[in-house]
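One structure follows; several queries about it will come next.
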Amino acid sequence: MYVSMKDMLWHAHKNNYAVMAINCVNMEQAKAIIQSAEEEKSAVIINISPRQMKAHGHGDILAPMIKGMAEKVSVPVAFNLDHGADLEDITAAMKYGFSSVMIDSSSYDFEENVRRTQLVASLAHGMGLSCEAELGHVGMAKEADNEKVDLYTDPQQAKEFVEQTECDCLAVAIGTAHGSYPKGFVPKLDFDRLKLLKETLQRPLVLHGGSGAGEENIRKAVAYGINKINVCTDLFKHARIATAKALEENPEIDYMDLCIVAQDAMKEFIKSYMRVIGSSGRYDFDKYEGPEFD
Ligand code: 13P
């Protein structure tokens with residue numbers, strides 16, 4: 001089933017679990033993600049960033065492929081533009097057939113972030129797509145030090161932001177970061193802030209930087225109100241490690257078999273992550289009929 005993120009994230013919000021949003025740049029990753037969702041009976045979100053689209057996974061090729069694969073399974077699958085920065089990328093994703101877009105104007109000041117997000121949310125809603133936005137700023141893991149609390153999301157400001165922009169879900173900054181953390185570093189998450197954000201906003205919240213954040217942190221983040229967890233680095237790492245091992249064991253391995261090795265390793269990782277964040281077995285839900293903006 002090819003859907004927007006809206007109903008699945010409201011269901012996760014109402015039932016206190018989270019859905020994975022996994023970056024994908026090719027057919028093997030799309031197959032690994034959708035097969036994992038089907039086998040786990042879980043909703044899933046497939047993400048791709050503008051950078052990944054330009055470098056390899058072109059949206060005009062991936063969108064119809066993912067839509068076709070999603071329509072063959074019974075679980076809900078959304079395809080979301082991750083970190084859309086400008087209107088050019090966002091309208092291109094809309095044209096390609098994405099079911100959801102993220103507008104990331106988190107590096108602008110509050111007013112400009114509101115202005116840009118309002119525009120994209122109204123465009124997305126007019127086309128039946130969901131819209132994610134970010135307030136506060138989730139940085140890069142290689143620079144992580146848990147000291148940049150001034151970039152964390154402020155709950156009162158977030159309330160104003162959500163009311164003004166009508167975004168469907170909000171990515172919040174509470175201590176995670178994108179990419180690989182320095183060796184041995186486990187981020188310290190601000191759970192008090194997350195609890196307050198959930199109480200204040202009463203809607204689906206998103207955690208970026210779901211790789212290497214530690215299982216205990218992830219479980220607790222879900223318990224405190226996170227409903228969508230973005231994962232990229234760890235998925236790519238599992239594929240790379242499995243590929244390297246297969247090549248070491250058999251340097252003459254057929255290329256197609258190598259692709260399948262990577263796909264199977266990614267599936268194993270995705271399925272275990274789905275169990276940790278509680279989306280397994282929760283795919284069968286009704287359309288969310290609660291408050292909506294559009
Ligand atoms: P990681 O690469 O740290 O998993 O972050 C992914 C992400 O947040 C994409 O938006």
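Got a sec? Which of LYS67, LYS72 is open to solvent by 10 Å² or more (accessible area, probe 1.4 Å), over 18 Å from the mean Cα position of the chain (by Cα) and farther than 22 Å from LEU258 by Cα?
On the way: LYS67 fails: over 18 Å from the mean Cα position of the chain (by Cα).
Step by step, each of LYS67, LYS72 is checked, and only LYS72 is open to solvent by 10 Å² or more (accessible area, probe 1.4 Å), over 18 Å from the mean Cα position of the chain (by Cα) and farther than 22 Å from LEU258 by Cα.
Might you check whether a residue that is acidic (Asp, Glu) and touching a residue at least 60 places away in the same chain (Cβ under 8 Å) occurs anywhere in the range 126-149?
Checked the range 126-149: at least one residue is acidic (Asp, Glu) and touching a residue at least 60 places away in the same chain (Cβ under 8 Å).
So, one more: Taking the range 144-161 only, how many residues are outside any loop (DSSP other than H, G, I, E, B) and closer than 17 Å to HIS208 by Cβ?
Step one: filter the range 144-161 for residues outside any loop (DSSP other than H, G, I, E, B), giving 149-151, 155-161.
Add one more test, that the residue is closer than 17 Å to HIS208 by Cβ, and what stays is 149, 151, 158, 161.
Within the range 144-161, residues that are outside any loop (DSSP other than H, G, I, E, B) and closer than 17 Å to HIS208 by Cβ number 4.
Next question, about the same structure. Test VAL120 against the stated conditions and say whether it is away from the ligand (no atom under 13 Å from the Cβ), surrounded by fewer than 23 Cβ atoms within 10 Å (Cβ to Cβ) and either within 17 Å of the chain's Cα centre (by Cα) or aliphatic (A, V, I, L, M) (or both). It would help to see each step written out before you state the result.
Numbers: away from the ligand (no atom under 13 Å from the Cβ): yes; surrounded by fewer than 23 Cβ atoms within 10 Å (Cβ to Cβ): no; either within 17 Å of the chain's Cα centre (by Cα) or aliphatic (A, V, I, L, M) (or both): yes.
When the stated conditions are applied, VAL120 does not pass them.
Same structure again: For the range 104-115, indicate whether the set of residues that are charged (D, E, K, R) and either closer than 29 Å to CYS259 by Cα or crowded, with 22+ Cβ neighbours inside 10 Å (or both) is non-empty. Give the derivation first.
We begin by selecting, within the range 104-115, every residue charged (D, E, K, R); these are 104, 109, 111-112, 115.
Of the ones still in play, those that are also either closer than 29 Å to CYS259 by Cα or crowded, with 22+ Cβ neighbours inside 10 Å (or both) are 104.
Checked against the condition, which is being charged (D, E, K, R) and either closer than 29 Å to CYS259 by Cα or crowded, with 22+ Cβ neighbours inside 10 Å (or both), the range 104-115 yields at least one hit.
Being hydroxyl-bearing (Ser, Thr, Tyr), modelled with pLDDT of 95 or more and within 16 Å of the ligand (Cβ to nearest atom): is that true of SER211 here? Reasoning before the result, please.
Numbers: hydroxyl-bearing (Ser, Thr, Tyr): yes; modelled with pLDDT of 95 or more: yes; within 16 Å of the ligand (Cβ to nearest atom): yes.
So SER211 passes the test.
Identify, from the list LYS220, LYS237, the residue that is within 10 Å of the ligand (Cβ to nearest atom), open to solvent by 30 Å² or more (accessible area, probe 1.4 Å) and of a type outside the set (Val, Ile, Thr).
On the way: LYS220 fails: within 10 Å of the ligand (Cβ to nearest atom).
Of LYS220, LYS237, the one residue that is within 10 Å of the ligand (Cβ to nearest atom), open to solvent by 30 Å² or more (accessible area, probe 1.4 Å) and of a type outside the set (Val, Ile, Thr) is LYS237.
Does the range 7-32 hold any residues that are buried (at least 24 other Cβ atoms within 10 Å of the Cβ) and closer than 19 Å to ILE226 by Cβ, and which are they?
Of everything in the range 7-32, those that are buried (at least 24 other Cβ atoms within 10 Å of the Cβ) and closer than 19 Å to ILE226 by Cβ turn out to be MET8, LEU9, ALA12, ALA18, VAL19, MET20, ALA21, ILE22.
Within the range 243-257, identify whether any single residue is out of contact with any Pro (no Cβ under 6 Å at 6 or more places or on another chain), within 16 Å of the ligand (Cβ to nearest atom) and either modelled with pLDDT of 95 or more or within 20 Å of ASP104 (Cβ to Cβ) (or both), and answer yes or no. I'd like the intermediate steps shown before the answer.
Filtering the range 243-257 down to residues out of contact with any Pro (no Cβ under 6 Å at 6 or more places or on another chain) leaves 243-257.
Still in the running and within 16 Å of the ligand (Cβ to nearest atom): none.
No, the range 243-257 contains no residue that is out of contact with any Pro (no Cβ under 6 Å at 6 or more places or on another chain), within 16 Å of the ligand (Cβ to nearest atom) and either modelled with pLDDT of 95 or more or within 20 Å of ASP104 (Cβ to Cβ) (or both).
Something else about it: Does the range 123-143 hold any residues that are away from the ligand (no atom under 14 Å from the Cβ), in a loop (DSSP other than H, G, I, E, B) and open to solvent by 30 Å² or more (accessible area, probe 1.4 Å), and which are they? Spell out how you get there, then give the answer.
Filtering the range 123-143 for residues away from the ligand (no atom under 14 Å from the Cβ) gives 123-131, 135.
Those still in the list that are in a loop (DSSP other than H, G, I, E, B) too: 127-129.
Of everything in the range 123-143, those that are away from the ligand (no atom under 14 Å from the Cβ), in a loop (DSSP other than H, G, I, E, B) and open to solvent by 30 Å² or more (accessible area, probe 1.4 Å) turn out to be MET127, GLY128.
If you go through the range 144-158 one residue at a time, how many are aromatic (Phe, Trp, Tyr) and exposed (fewer than 15 other Cβ atoms within 10 Å of the Cβ)? Can you show your working first?
Taking the range 144-158 and keeping what is aromatic (Phe, Trp, Tyr), we get 152.
Okay, now just the ones that are also exposed (fewer than 15 other Cβ atoms within 10 Å of the Cβ), so none.
Within the range 144-158, residues that are aromatic (Phe, Trp, Tyr) and exposed (fewer than 15 other Cβ atoms within 10 Å of the Cβ) number 0.
Just to be sure, is PRO187 open to solvent by 50 Å² or more (accessible area, probe 1.4 Å), modelled with pLDDT under 95 and part of a loop (DSSP other than H, G, I, E, B)?
Working: open to solvent by 50 Å² or more (accessible area, probe 1.4 Å): no; modelled with pLDDT under 95: yes; part of a loop (DSSP other than H, G, I, E, B): yes.
Taking the combined requirement at face value, the residue does not satisfy it.
Tell me, yes or no, whether the range 266-277 has at least one residue that is open to solvent by 20 Å² or more (accessible area, probe 1.4 Å), in contact with a Ser or Thr (Cβ under 8 Å, 6 or more places away or on another chain) and more than 12 Å from the ligand (Cβ to nearest atom).
Looking for residues that are open to solvent by 20 Å² or more (accessible area, probe 1.4 Å), in contact with a Ser or Thr (Cβ under 8 Å, 6 or more places away or on another chain) and more than 12 Å from the ligand (Cβ to nearest atom), one finds at least one in the range 266-277, hence yes.
Would you pick out the residues in the range 199-233 that are within 14 Å of the chain's Cα centre (by Cα) and over 15 Å from ALA18 (Cβ atoms)?
CYS232, THR233
Exactly one condition in (1) over 14 Å from ILE174 (Cα atoms); (2) surrounded by 15 or more Cβ atoms within 10 Å (Cβ to Cβ); (3) of a type outside the set (Val, Ile, Thr) is not met by ARG193; state its number.
(1)
Could you give every pair whose Cβ atoms fall below 6 Å, whose first residue belongs to the range 202-213 and is more than 25 Å from GLU160 (Cα to Cα) and open to solvent by less than 10 Å² (accessible area, probe 1.4 Å), and whose second residue is assigned to a loop (DSSP other than H, G, I, E, B) and within 14 Å of the ligand (Cβ to nearest atom), counting only separations of at least 6 or pairs across chains?
From residues that are more than 25 Å from GLU160 (Cα to Cα) and open to solvent by less than 10 Å² (accessible area, probe 1.4 Å), the pairs are ALA213/THR176; ALA213/PRO187.
Would you point out the residue of the range 37-62, among those that are charged (D, E, K, R) and more than 28 Å from VAL276 (Cα to Cα), that is most open to solvent (accessible area, probe 1.4 Å)? Before the answer, list the steps.
First, the residues of the range 37-62 that are charged (D, E, K, R): 38-41, 51, 54, 60.
From what is left, the residues that are more than 28 Å from VAL276 (Cα to Cα) are 51, 54, 60.
Working: ARG51: 171, LYS54: 137, ASP60: 87 Å².
Top of the filtered list is ARG51.
The values are calculated or read from the model by the stated rules, or taken from the named source; none is laboratory data. Model, not experiment: these values are computed from the prediction. Reconstructed Cβ throughout: ideal geometry from the backbone, glycine too, with neighbour counts over all protein chains shown. Keep in mind that these areas ignore ligands, DNA and RNA; they rest on the heavy atoms of the full protein, side chains included. Shrake-Rupley method; radii C 1.70, N 1.55, O 1.52, S 1.80 Å.
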